[in-house]
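Notes for the one structure printed next.
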Amino acid sequence: ALRKKIYEDEKLLAKSMPFLFLSTSKNDQFVAKAYSLYVQGYFKKPDDFEVLKQLLQNIITYWKNCYRPKV
């Protein structure tokens, strides 16, 4: 519902907000379903907390350094 509202609002859509899935499963069907909804990333949540922190830091760093349209 939130994603749909964003895609229907031109101002919000122009902000290029990424949709990322963080899941306990890497089931191929779930991954395919997520990408059919136009997500920008699907990640399996690691069991180790330190690995999870590093994964989240990598994702944050990527999006901080990614150029998007200025709105």
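The values are calculated or read from the model by the stated rules, or taken from the named source; none is laboratory data. Just so we're clear, the structure is a prediction, and the values are computed from it rather than from any experiment. Here the Cβ positions follow ideal geometry from the backbone for every residue, glycine too, while neighbour counts run over all protein chains shown. Areas reflect the complete protein model, heavy atoms only, side chains present, ligands, DNA and RNA absent. Shrake-Rupley method; radii C 1.70, N 1.55, O 1.52, S 1.80 Å.
Observations, loosely collected:
- With a Förster radius of 25 Å applied to the C-beta separation of Asn58 and Lys33, the computed FRET efficiency comes to 0.60.
- Solvent-accessible area per residue, Å², over the chain with all protein chains present [probe radius 1.4 Å]: 85
- Principal-axis tilt of helix 49-65 within the chain, Cα atoms, nearest 10 degrees: 30
- Relative contact order (%) - the range 2-61, alpha-carbon pairs under 8 angstrom, separation at least six: 29
- Size estimate for the chain follows the Kirkwood approach: the inverse of mean 1/r over distinct Cα pairs works out to 13.7 Å.
- Accessible-area composition of the chain, carbon plus sulfur, in percent [1.4 Å probe]: 58
- Potential lengthening between Glu8 and Asn65 on full extension [0.36 nm per residue; Cα-Cα distance subtracted]: 17.9 nm
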